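First comes the structure, then the notes that go with it.
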Amino acid sequence: MNEYNPSEIEPKWQKYWEEQELNKAEDFSKKPKFYCLIEFPYPSGEGLHVGHPRPYTALDILARKRRMQGFNVMYPIGWDAFGLPTENYAIKTGKHPKIITEKNIATIKRQMKMIGLSFDWSREINTTDPKYYKWTQWIFLQLFHKNLAYKAKMDVNWCTKCNVGLANEEVVQNLCERCGGEVYRREREQWMLKITDYADRLLADLGTVDYLEKIKKQQSDWIGKSYGAQVVFKVKSKTMLPKEHMYDLPVYTTRPDTLFGCTYMVVAPEHELIEKFKDQIDNINDVLDYRDQAKHKTELERTNLEKAKTGIELHGLKAINPVNDEEIPIFSADYVLATYGTGAVMAVPAHDQRDYEFAKKFDLLVKEVVAGGNIKKESWIGDGTLVNSEFLNGLNVQPATDKIIEWLENKGFGFQTVNYHLRDWIFSRQRYWGEPIPIIICPRCGYVPVEEKNLPVLLPEVENYQTTENGDSPLALIEDWVNVECPKCGEEAKRETDTMPQWAGSSWYFLRYCDPKNDKILADKKKLKYWTPVDWYNGGMEHTTLHLLYSRFWHKFLYDIGVVPTAEPYAKRTSHGLILGEDGEKMSKSRGNVVNPDDVVKEYGADTFRVYEMFMGPFDQPTPWSTQGVVGIKRFMDKVWAIGNKLDNKKRTNNDEEIRLLHKTIKQLAEQIETLDLNTCVSALMILINKFQDKGCNQEIFEQFLKILSPFAPHLGEELWQKLGHKKSIFLEKWPEYDPELAKDAVKEVPVQINGKMRCKILVTEDMSEEEIKNLALADEHVKKWLEGKEVKKIIYVPGKILNIVI
RNA sequence: GCCGAGGUGGUGAAACUGGUAUACACGAAGGACUUAAAAUCCUUUGGAGUUAAACCUCCGUGCGGGUUCGAGUCCCGCCCUCGGCACCA
């Protein structure tokens, strides 16, 4: 018998599978299609660490099993290659991002092939390829035509030293992560996409897809639909305008029923009210100082409920509560965000904890309007009877809400409305390494889209990847690229120099896999009709609210304009947990806890690596890597090899323990591969091989075992299969069927409890009646001992599960 | 802080809709083989106690309470860890 030598057999079979084209997906095949998708990777300079292949391997197992079950499987791969880290690396080294990207892709591709992942490489795509981003730009133009892309002033983190807009992640304690320079929030014109127009459909259609519950919950919480009312307060200033000419200050509230309890107003420091009434606010300088301070805080800091509230009253202004004409003070406070609701809130300290704390600090009136709590101690947000509220008195919260909304609508003071936590998508980046936004800015015609025949707008070469002094992208410096004729009027105009975020290319890539080389359209409609929706999409939990939602939004838009045949892109979505370093921390270069798959494969082989990653723990939970744990899987592989090399064909094959266990295991794997309970699949395979080791095994049984093992350890499976005399790949075999009779236990061991504590076990066959089983239990020696001198009150029998005697 | 997920032996973990807590594996200890070591194989391995022996008893699934014949699983209140919070991807 020769040795198990993974480094010899693994490349051999990888080459064989590629030559045999076993992993190619066939357009329009008569077989049922199965489109299975993992999030395509960002080709970072470090290559893959052991965390990346976990989802790739899990879905590879699923894909291989489904192929054996007769599906036409598409399992494609590509590169999400635009992005910040590559650009930052380019700035540091002066190398072109394109060159860096190519090199990184080559590394990761080699690593993926080394692991034996059954991707259809003929469909490989790359978001930085002009033939690809042509269509990303095309989609943007369609959004622009439908008024779903617009420009707005938004705050960006601005590093005063690097002169560059920063990602939130690059800001550490209000300092620039790269240079340590000071950061503040500066206003800039940005391209925005109106994802909020789709909020309702993105929420409602969660009901039509098979996502993990936690994913649905997180998406719907992120969309954050709330019902409430918009109420308009009048603002009284020193100019003493008649009431109907006073400034209207609309607020959004989810608790219009508490309107009589509103004792002050709060606006965001950036609210237009302040600019408008500059001359009439007595303490305007302090108010503006406060606004400047707010620019140095993050949203997280501002909205943290634990942190002490800050704010400043706008002296000289009063708001008028429309329900009772009371004049109440107006504050500016940074816990109110300009971007949420109307940027202003009515404060009801008696019935909102944040308002309560603020009121205590500034010594403001706390007026109870819903009975039920003790507002001397804390705010009361629960239900109760309305008090101090004139015509609402005596009602409970819900009827009071209905009544006040009706009243507001009749008087023209407000209306019922919904509000979303979801905000529009900031789509511009003042960066080089992204898709140029295909818009021409003409002083006469405004924003003019680039004509479709002129797509793609190629990303030009630049000398320097640094943003310009005024914060424009490096593209702004390339004059012969920036200066163009306006497509509308033919006069001088300039290109938009902002680029798209990395989310753009990844919002539609799964469509391109269906038809990766089409140069007429983003993908042929018939092919999309055949392949979409994606049957199974797996990705990280960390992409639940951004990437997953963005791509659902784009897909719905493409559906509306007739480009794609389904309203939802992904029929099913699952999530994997991260693999952490051995120290239990997230793997990162800076922590120095990165484990490289190259090293693991070199020492133990790809199959051991794959099976270990599946065995470590539940697929959807984070798990630390353990170098020692890998050893156990290598021993398992060695055992399979050893048994496969000395099969005992004198062994009979009927109805003995091994056969029963085999059928049980086939059943378990058939079910649990589908639920991605892959750790218990591996353990079931181990239990079976341990049984073979004890009892011996013939070729017939072993071949069945090999078939269910091979999706996990494809190289070992193929090697032993062909060694046993087969000429064709094991992956062309049918997935084995199990015999339901053999997969069942003939005799069951049923635990007997007394008052819920397990005391003994009895053996029960299927044909026994409940009466017989109870008598059997009562006759048991142990039970007798416990029952001595006691009265049996009740016997509970759950068939096949448990028998409990209550005394 | 807000939203989401999780906490079980020395370690990674298993336990299907409330029904035998700790499967499988790592580590550790002891033994076999060997001149020896590695590899391999066998045995033991949650804690405490009683015992000639455990096939006996008690305690045990982050903490405190509750529901139930029965709770790792359900409910209430806490603590801790992880993911996300919109320009990392």
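Listed values, structure above:
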quantity	calculated
Flag for A:Lys234 being closer than 25 Å to A:Phe415 by Cβ, in contact with a strand residue (DSSP E or B) (Cβ under 7 Å, 6 or more places away or on another chain) and either among the β-branched types (Val, Ile, Thr) or buried (at least 18 other Cβ atoms within 10 Å of the Cβ) (or both)	yes
Pair list, Cβ < 8 Å and 6+ apart or interchain, from the stretch A:545-563 residues that are basic (Lys, Arg) to residues that are open to solvent by 10 Å² or more (accessible area, probe 1.4 Å) and in a helix (DSSP H, G or I)	A:Arg552/A:Asp205; A:Lys556/A:Tyr198; A:Lys556/A:Arg201; A:Lys556/A:Asp205
A:Ala777 under 45 Å from the mean Cα position of the chain (by Cα) and open to solvent by less than 70 Å² (accessible area, probe 1.4 Å)	no
A:Asp355 being over 24 Å from A:Ile405 (Cβ atoms) and either touching a residue at least 24 places away in the same chain (Cβ under 8 Å) or part of a helix (DSSP H, G or I) (or both)	no
Residue count for the stretch A:237-291, restricted to those that are in contact (Cβ under 8 Å) with a residue 40 or more places away in the chain, outside any helix (DSSP H, G or I) and of a type in the set (A, V, I, L, M, F, W, C)	9
Test set (1) farther than 30 Å from A:Thr574 by Cα; (2) open to solvent by 30 Å² or more (accessible area, probe 1.4 Å); (3) in contact with a helix residue (DSSP H, G or I) (Cβ under 7 Å, 6 or more places away or on another chain) - A:Lys276 fails condition number	(3)
Flag if A:Lys65 is at pLDDT 95 or above and open to solvent by less than 10 Å² (accessible area, probe 1.4 Å)	yes
Candidates A:Leu337, A:Leu305, A:Leu314, filtered to the one that is more than 39 Å from the chain's Cα centre (by Cα), touching a residue at least 24 places away in the same chain (Cβ under 8 Å) and either outside any strand (DSSP E or B) or surrounded by 17 or more Cβ atoms within 10 Å (Cβ to Cβ) (or both)	A:Leu314
Odd one out for A:Leu422, checked against (1) open to solvent by less than 60 Å² (accessible area, probe 1.4 Å); (2) within 16 Å of RNA strand B (Cβ to nearest atom); (3) closer than 30 Å to A:Leu477 by Cβ	(3)
Wholly enclosed strands (runs of 3 or more DSSP E) of the stretch A:473-547 bearing at least 1 residues within 12 Å of RNA strand B (Cβ to nearest atom)	A:536-540
Subset of the stretch A:213-231 [within 9 Å of RNA strand B (Cβ to nearest atom), outside any loop (DSSP other than H, G, I, E, B), surrounded by fewer than 19 Cβ atoms within 10 Å (Cβ to Cβ) and of a type outside the set (Phe, Trp, Tyr)]	A:Glu213, A:Lys214, A:Lys217, A:Gln218, A:Ser220, A:Asp221
Whichever residue in the stretch A:627-677 is more than 11 Å from RNA strand B (Cβ to nearest atom) and among the hydroxyl-bearing types (Ser, Thr, Tyr) and, among such residues, is most open to solvent (accessible area, probe 1.4 Å)	A:Thr653
Counted residues, the stretch A:39-58 - those being more than 14 Å from RNA strand B (Cβ to nearest atom) and assigned to a loop (DSSP other than H, G, I, E, B)	1
Subset tally (residues that are within 15 Å of RNA strand B (Cβ to nearest atom), touching a residue at least 40 places away in the same chain (Cβ under 8 Å), closer than 19 Å to A:Phe427 by Cα and surrounded by fewer than 15 Cβ atoms within 10 Å (Cβ to Cβ)) for the stretch A:122-175	3
Scan of the stretch A:358-402 for residues that are of a type in the set (D, E, K, R), in contact (Cβ under 8 Å) with a residue 40 or more places away in the chain and in a loop (DSSP other than H, G, I, E, B), ordered by number	A:Lys367, A:Glu368
Some residue of the stretch A:324-347 being more than 16 Å from RNA strand B (Cβ to nearest atom), of a type in the set (A, V, I, L, M) and modelled with pLDDT under 90	no
One residue from A:Pro460, A:Pro456 being without any contact (Cβ under 8 Å) to a residue 24 or more places away in the chain, in a loop (DSSP other than H, G, I, E, B) and out of contact with any strand residue (DSSP E or B) (no Cβ under 7 Å at 6 or more places or on another chain)	A:Pro460
Single residue of the stretch A:741-771 satisfying the filter (within 30 Å of A:His663 (Cα to Cα), more than 9 Å from RNA strand B (Cβ to nearest atom) and among the acidic types (Asp, Glu)) that is surrounded by the fewest Cβ atoms within 10 Å (Cβ to Cβ)	A:Asp767
Selection status of A:Glu491, more than 15 Å from A:Trp135 (Cα to Cα), free of Cβ contacts under 8 Å to residues at least 12 places away in the same chain and touching an Asp or Glu at 6+ places or on another chain (Cβ under 9 Å)	no
Test for A:Asp205: is it in contact with an Asp or Glu (Cβ under 9 Å, 6 or more places away or on another chain), more than 16 Å from RNA strand B (Cβ to nearest atom) and more than 30 Å from A:Glu406 (Cα to Cα)	yes
Neighbours by Cβ (under 9 Å, 6+ apart or cross-chain): first from the stretch A:781-802, more than 14 Å from A:Ser769 (Cα to Cα) and more than 10 Å from RNA strand B (Cβ to nearest atom); second assigned to a loop (DSSP other than H, G, I, E, B) and open to solvent by less than 100 Å² (accessible area, probe 1.4 Å)	A:Leu787/A:Ile807; A:Lys790/A:Ile807; A:Glu791/A:Ile807; A:Val792/A:Ile807
Count - residues of the stretch A:680-719 that are hydroxyl-bearing (Ser, Thr, Tyr) and either touching a Phe, Trp or Tyr at 6+ places or on another chain (Cβ under 8 Å) or surrounded by 20 or more Cβ atoms within 10 Å (Cβ to Cβ) (or both)	2
Output for the stretch A:73-84, where each listed residue is open to solvent by 10 Å² or more (accessible area, probe 1.4 Å) and modelled with pLDDT of 95 or more	A:Asp80
Every residue from the stretch A:509-525 that is within 22 Å of A:Lys572 (Cα to Cα) and open to solvent by 10 Å² or more (accessible area, probe 1.4 Å)	A:Asp515, A:Lys525
In the stretch A:3-38, residue farthest from the chain's Cα centre (by Cα) [restricted to those that are surrounded by fewer than 20 Cβ atoms within 10 Å (Cβ to Cβ) and within 15 Å of RNA strand B (Cβ to nearest atom)]	A:Glu3
Some residue of the stretch A:499-508 being open to solvent by 30 Å² or more (accessible area, probe 1.4 Å) and without any contact (Cβ under 8 Å) to a residue 12 or more places away in the chain	no
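The values are calculated or read from the model by the stated rules, or taken from the named source; none is laboratory data. Because the structure is a prediction, the values reported are computed rather than measured. Note that each Cβ is placed from the backbone with ideal geometry, even for glycine, and that neighbours are counted across all protein chains shown. Just the protein is used for accessible areas: all its heavy atoms, side chains included, with ligands, DNA and RNA removed. Shrake-Rupley method; radii C 1.70, N 1.55, O 1.52, S 1.80 Å.
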